[in-house]
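Student: Below is a structure I'd like to ask you about.
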Amino acid sequence: MAFAHETYLCLAALALFFVSLGTPAPGVARRWALVLAAVGVVTAVGTFSSRADLFHGTYRVDAFSQSFKVLIAIGYLLAVALGEGVRGINREHEPEYYLFLTLSVLGLTFLVSGVELLTLYIALELASYALYILVPLRRSEYTHQVEAGIKYVMFGAVASGISLFGMSYVFGMAHTTRVDELLRMFPSLASSPMGIVGLTMMLGGFFFKLALFPFHFWTPDIYQGAANETTGVIATLPKIGAVAVLIRLTGLGAGESAGFVGVLTVLAVLSMTYGNLAALVQTDLKRLLGFSSISHAGFMVTGILSGTVAGYAGAMYYVAGYLLMNLALFFVIYTLAPRGENVSLDDLRGLHRRAPLLAFTLAVGAFGLAGIPPTAGFAGKFFVLTAALSRGNLALVIIAALNTAIGVFYYLKMVKAAYSPPEEGVAEPEGRVGLSPVGQVLGYGFVLSILLVGALPGSIVGLFRRALDWVA
Amino acid sequence: MTPAFAIDHSLGYPILSILIFLPLAGAVVGLALRGDRTLRLWALAVTVLEAVVSVALYTGFDPTTAKFQFVEMADWIPAFGIRYALGIDGISLLLVLLTTFVMPLCVLCSWKYIEKRVKEFFFSLLVMEAAMIGVFAALDLVLFYVFWEAMLIPMYLLIAVWGGPRKVYASVKFFLYTLAGSVLLLVAIIALYLNADTFLIPDLMAKGYGFAFQFWVFLAFALAFAIKVPMFPFHTWLPAAHVEAPTAGSVILASVLLKMGTYGFLRFCLPITPLAVSYLAPVFLWGSIVSILYGGFVALGQSDMKKLIAYSSVGHMGFVTLGIFLVNLRGIEGAVLQMVNHGITTGALFICVGILYERTHSRQIADNSAVGAFMPVYVAFLGLFSLSSLAFPGTNSFVGELLVLVGAFSQNKLLAALAIPGALLAATYMLRLLQKIIWARSDGHHHGHDADDRYLKDLDLREGFMLAFLSVFVVWIGLSPGPFLRVMDTSIGHVVAQASVAGEVPEDLPALWNTLFPSAGHHGGGEPAQGGHGNEPPATGHGGPPPAEQGAPGH
C-alpha cells in the first residue's frame, strides 16, 4: 500500500487517457480531473506515513518524499480547480490538457521519491515531456505559444543534456549512481574541481526547473507565451520537485564544501538580483511573475546552500508558501481573462471596484511574494536568511535583504494598479467580474491559507524537519 | 534558555493579547456588517471599548519597578525559538495608552470625511490599531518585526485608497522608504539571535556584545528607526504621506507611527548596543539639531497647512531624538513625554486641518484665511493647540521641551544653545499660521467668505468633543505632568543605567569594516550592516571567511 499514491496517479492518467479518446462535451474532462485530483490529495495524505523501497532501493517512499507528494497533490488540485475549465486552450484539447497535466504530476511524484540518478533522470523527463506538450496548447488566436513551446523544448533538452553530462562526471568519480552512496562521498567529491563542475552540471537540469540563473532564459517567454492555466502549473509544481531533488542530492553535507557552497552562492545572488531587476520594468503580468520566479529561485537556493536542517526545512517551507502565493496570483490572472488573454498591469486598474475579493487576493499574494509579514512569504524568507547567516554567509544575506526591498517595488506596482482607478481617458471595463462559488471559495481560501501558514508556521516547519531525518 | 522574566498574572486576564486581538476581531466582524452608519458606530464602539480596557494598564501598573509587566508568553515557532511574548514597561505603557486613546478620535474624524468604501476603511483602521499595539507590546524581536512590517499594509491602503490627488505617489514612497529601511533591521535581528541564541528582548538586553558587533547592529537598527522618526535627511517621505493621507491617516502617522522610530531607539539601541550608542551619539545629537532647525525653517515657508504641520513634526521629533541620545535621565524623560505630547498636539492640529478642509475643501492657508469671525470656538481650540505646538508655558510641550533642554544644558551647552532657535522657529511658523487663519484679510485672492458663509459653520458636537478631549490632556500635562512622569521614571532610570555601561575603547573605522567582512578587500555588501564575525555566532560550524565569490554582482 506504500505505493498507493503512485499507482493511483497512473490509473488516473489512464482514465483521463480514455476520456481523451472520445469527444467529451466541454467540461466533462475537467470534472473528471477535479475528482481525480481531489482523490489524489486523499491518497497522498493517506500514504503519508508509509515507508518502503522499490527496484532495489532506487525508488524510496519516506517521510521526505511523502511530504513533497502531499504538496504536489495539493498544487495539482488547486491547478485543476483554478477556474471553470480551460479558457486559454482550444476546447477540443481540453481532455489532452488534463491528461498531460496529470502525467507531469505523475513524473514529479516519481521525481521526489527517486534516490538514484537514472531514476531521477527518467522521472524528470516524464515530468518535462508532458509540460513540453502543454506549453504550445493554446487557443489558435494567440501566436506566441509555438515559439514558447519550441524554446521550452530546446532549453529543456539542453539542460537535460548538461545534467546527464554532469552525471557522467559524477559517476566517473564516484562509481555509483545511488544517492545515499554519493552523499557519503560528497565531501571528497565536492572538494575537487572536477567534482564541483560535475555536481553543478548535474544539478543544472533541476536548476532549469527551478529557473535559477543561468538556467532561467526560458522563463519569461514561456510564462508569457503559454496559456494562463499552463503557466500557473509551470510556475509552481516543477519547482517543488526541483527543491526536493536539490535537497536530496546535496544532502546534509553540502555546507562542508566551501567551493560548492561558493558556486551555489554566486548562482543564488545572480538569480535573485537579475530576476528582481528585470522584473522592475515588465508590464505583462505573467512575464513579471516569470522574472520574479527567477528571483525566488535564488532565495530557495539560499536555504539549500546553508546545508543545515534549518536551511532545508526553510527551503521546503519557502516553496510551499511560494506554491500558494503564486497560484493565488495565477487564479486572479485566470479569472480576469475570460478568453485566456494575457493580463497587463494596466488591466488590473480599478480591480478593487470590479471584484473586491480578487483585488484582495492579488494584494495578499503579492505582499506574500514580496515577503511582508504576516504572510507565508515573510516566514519563508526569514527561515532561509537565518539559516544562511548561521553559516556566516553575511554578504549573501545582505544582498538578499536588499533584493527584498527591490522586489517590493514591482509587487507594490501590482497592488497599486489593482487599487487605483483606471487611467484618464481609458474607459473603465464594464461591470463586475463574476466569481463562481468555487472561485469565491478559492479566493478566500488563498487569502486565509497564505496568512495562516505565515502566522503559524511552527507545525509545518516541524513536520518538514522531521521529514528531513530521512535525507542523508 | 530560561527567560529572565516570569509570566505575570497580576490582572487575571491577558490584557495585552486582548488589546491586540480585540480590534482584529472587530475588523473581521465589521466585514459582515451592512450600512455605513452601522459600520461607523461599530468602529467607534470597538475603539472606545479598547480605550476603556487599556485604562486597566495604567491602574494596574507598578511604577516602582523597571521590569516588564503584564507579561504573556507562549511558544510560537519552537524550531527557531521564536516566542509570542508580550509585556510593557513605563515607556511603552504611555505609548500604548496614546494609541488606544487616539484611535476613537481617528474614527470620529473620519465620520463624514470618508464616504466611499467605508467598510474597507474601518477594516484597515482597526487592523492598524492591532499592529501598532503589537509593536509597542512585543517582547520578542521577530514578533516585533512582524508587527512593524505588517503595519505598512493597512497604512499603505489608508493613503492609497482614501488619499488626496497624489495618493499613489505618496503611498508608494511611504511604503518603499520605510520598508527599505527595515530590511537590514531583519538581518540585524537574525545576527542578534545567532549571537545570543534568543529572540527575547529582555534576554538580549542582559547579554553584552563586543563593540564591533554592537556597531553594525546599531547602524542597521538606526537606519530603520531614523527613517520612521523621521530624522533629517530621511524625512522626505513624511510630508508627501501627510499631505495625501486622509485626516485619520495623518493623525495615526503623526501620533503613533513616528513614535515607533524613537521607541525603537529607546527599546533596542540604548539597552542592547550601549557602546555603539555612546560612540555614535554625537552624530545623532547633531543630526537632531539639524532636524530641529531644518524642520522649522522649511515649515516657515509652507503655504499648505498639512505640509506646515508635517515639517513641524520633523522639528519636534528632533527634540525627541535629541533627548534620547543625551542618555541622561532628564533628557530621556523629556523625550518620552515629548513623544506623548507630540502625539496629542500634532494629532489635534491635523484634526483641526481636517475640520477646516471639510468646510472649504482646501488646505491652502490663503484659502482658509480669516475664518475666525465665523468659527470662534474652532479658532479657540486651534489657538490652544498652536500654543502647545510652540511649547508655550502651561501647555504640555513646554514641560517636555524644557526637560530635554535641561538635559542638554547639563551635558553640552553649545548643543543646547543651538536647539533654542528651534523653539523660536516653532513660535514663528505657528503664530504666522494662526494669525492668517484667524484674522488675515484676504488680498482678493480667496473666495469671499462674506458672500456665502453658510458653509463656515462652527464646530458641531462631534468635532467639539474631539478637540476638547485632546485639549484636556494639553492642559493637564502642561500643569501637572507628575502622573505621567511617575510611571516612566523607574523604567527610564533602568534604560539609562543599561546604556551607561563602560566598554573597551572603540577601534578605528577601517578595522570595524574588517569585522564585517573578514576576507576584506573585495566584497559585495556595499551597505553597512551588522556582522557576526566580531564575535563568532555560536551556531557556526565552519569558522572560515565566506567565499569571496559571493560578493560578485554588487547591486
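Student: Given R₀ = 56 Å, what would the calculated FRET efficiency be for residue A:122 paired with residue A:436, taking r from the Cβ atoms and rounding to 0.05?
Tutor: Here the calculated transfer efficiency is 0.90.
Student: Can I get the semi-axes of chain A's equivalent ellipsoid? Compute them from the C-alpha gyration tensor as square roots of 5 times the eigenvalues, in angstrom, largest first. Please list the in-between numbers first.
Tutor: Details: eigenvalues 222, 136, 81 Å².
Semi-axis lengths for chain A are 33, 26, 20 Å.
Student: Project the alpha carbons of region B:273-492 onto their principal axes and report the range along each, largest first, in whole Å.
Tutor: So the three principal-axis extents are 64, 34, 26 Å.
Student: Can you give the alpha-carbon Rg of chain B over 2.2 N^0.38 Å, where N counts its residues?
Tutor: On the way: Rg = 23.5 Å, N = 555, 2.2 N^0.38 = 24.3 Å.
So the Cα radius of gyration is 0.97 times the expected 2.2 N^0.38 Å.
Student: Using the Kirkwood radius built from alpha carbon pairs, what does the Stokes-Einstein equation give as D for the protein assembly as shown at 37 °C and 0.692 mPa s, in µm² per second?
Tutor: Reported coefficient: 109 µm²/s.
Student: So, for region A:4-470, what is the accessible surface per residue at a probe of 1.4 Å, expressed in square angstrom? Don't skip to the answer; put the middle values down first.
Tutor: Working: 14340 Å² over 467 residues.
Here the residues of region A:4-470 average 31 Å² of exposed surface.
Student: Give me the percent of accessible area attributable to carbon and sulfur for region A:4-470, probe 1.4 angstrom.
Tutor: The value for region A:4-470 is 69 percent carbon and sulfur by accessible area.
Student: Along the charge dipole of the protein assembly as shown, Cβ charges K/R +1 and D/E -1, which of B:512, A:434, A:405 sits furthest on the positive end?
Tutor: The one lying farthest along the dipole's positive direction is A:434.
Student: Contour minus end-to-end for residue B:11 and residue B:465, with contour as 0.36 nm per residue of separation and end-to-end as the Cα-Cα distance? Before the final figure, lay out the partial values.
Tutor: On the way: separation 454, 0.36 × 454 = 163.44 nm, distance 3.14 nm.
Length gained between residue B:11 and residue B:465: 160.3 nm.
Student: Give the calculated FRET efficiency between residue A:194 and residue A:146 to the nearest 0.05, with a Förster radius of 60 Å applied to their Cβ-Cβ distance.
Tutor: According to the calculation, E is roughly 0.90.
Student: For residue B:82, which sequence-distant residues (separation of 5 or more, or a different chain) have an amide H within less than 5 Å of its own amide H, given hydrogens modelled in the peptide plane?
Tutor: For residue B:82, whose amide H was placed from the backbone, the distant partners under 5 Å are B:76, B:77.
Student: Related question: Which whole-number percent is the relative contact order of region B:313-419 (Cα, under 8 Å, 6+ apart)? Show your work: numbers first, answer last.
Tutor: On the way: 116 pairs, mean separation 39.1, N = 107.
Contact order relative to length: 37 percent.
Student: Between the alpha-carbon centers of region B:224-249 and region A:260-304, tell me the distance in whole angstrom.
Tutor: Each part reduced to its Cα centre gives a spacing of 31 Å.
Student: Here's something else I'd like to know. For region B:109-247, compute Rg over Rh where Rg is the Cα radius of gyration and Rh is the Kirkwood radius from the inverse mean 1/r over Cα pairs.
Tutor: Rg/Rh for region B:109-247 comes to 1.05.
Student: Let me ask something additional. So, with a 1.4 angstrom probe, what is the percent of accessible area on region B:273-492 that is carbon and sulfur?
Tutor: 69 percent
Student: Same structure again: Given points 7 Å out from each Cα along the Cα-Cβ axis, report the residue B:115 to residue B:32 separation in nanometres with one decimal.
Tutor: So the two model labels end up 3.1 nm from each other.
Student: In addition: Under a crude label model (7 Å from the Cα following the beta-carbon direction), how far is residue B:49 from residue A:444 in nanometres?
Tutor: 2.2 nm
Student: Further question on the same structure: With the other protein chains left in place, how much accessible area per residue, in square angstrom, belongs to region B:143-290 at a 1.4 angstrom probe? Could the numbers behind the result be given before it?
Tutor: Details: 2660 Å² over 148 residues.
Per-residue value: 18 Å².
Student: Now for a separate question. Gap in Å between the Cα centre of region A:318-340 and the Cα centre of region B:276-345?
Tutor: 46 Å
Student: At a probe radius of 1.4 Å, figure out the B/A buried accessible area, summed over both chains, and give it in Å² to the nearest 100.
Tutor: 4300 Å²
Student: Please work out how much accessible surface residue B:307 shows to a 1.4 Å probe, ignoring ligands, DNA and RNA, in Å² rounded to 10.
Tutor: Rounded to the nearest 10, the figure is 80 Å².
Student: If you don't mind, there's one more thing I want to ask. Listed highest first by mean packing, meaning other Cβ atoms within 10 Å per residue, what order do B:139-146, B:339-346 come in?
Tutor: Top to bottom by mean Cβ count within 10 Å: B:339-346, B:139-146.
Student: For region B:2-87, what is the convex hull (Cα atoms) projected area averaged across all directions, in square nanometres? Kindly include the intermediate steps, with their values, before the conclusion.
Tutor: On the way: hull surface 29.6 nm².
One quarter of the hull surface, i.e. the mean projection, equals 7.4 nm².
Student: Take the alpha carbon atoms of region B:208-278, find their radius of gyration, then divide it by 2.2 N^0.38 Å using N residues; give the quotient.
Tutor: My calculation over the Cα atoms of region B:208-278 gives 1.29.
Student: Let me ask something additional. So which of A:413/B:167; A:209/A:381; A:416/B:306; B:119/B:457; A:416/B:167; B:116/B:167 end up more than 18 Å apart, counting from Cα to Cα?
Tutor: A:209/A:381; A:416/B:306; B:119/B:457
Student: Tell me the GluC sites (Glu not before Pro) within region B:100-199 that lie in a loop according to DSSP and have at most 14 other beta-carbon atoms within 10 Å.
Tutor: Here the sparse-neighbourhood loop sites are B:115.
Student: Provide a list, ordered by number, of residues in region A:361-390 showing at least 20 Å² less accessible area with every protein chain present than when their chain is taken on its own, using a 1.4 Å probe.
Tutor: By number: A:367, A:372, A:373, A:374, A:378, A:382, A:383, A:385, A:386, A:389, A:390.
Student: Same structure, new question: Do you know the relative contact order of chain A, to the nearest whole percent, from alpha carbon pairs under 8 angstrom that are 6+ apart?
Tutor: Details: 816 pairs, mean separation 71.4, N = 472.
Reported relative contact order: 15 percent.
Student: State the Cα centre-to-centre distance between region A:73-94 and region B:347-400 in whole Å.
Tutor: 60 Å
Student: Using the Kirkwood radius built from alpha carbon pairs, what does the Stokes-Einstein equation give as D for region A:344-463 at 20 °C and 1.002 mPa s, in µm² per second?
Tutor: Answer from the Stokes-Einstein relation: 134 µm²/s.
The values are calculated or read from the model by the stated rules, or taken from the named source; none is laboratory data. From a predicted model like this one, the values you see are computed outputs, not experimental measurements. Glycine gets a Cβ as well: all are built from the backbone with ideal geometry, and neighbour counts include every protein chain shown. Side chains are part of the model used for accessible areas, which takes the heavy atoms of the whole protein and leaves out ligands, DNA and RNA. Shrake-Rupley method; radii C 1.70, N 1.55, O 1.52, S 1.80 Å.
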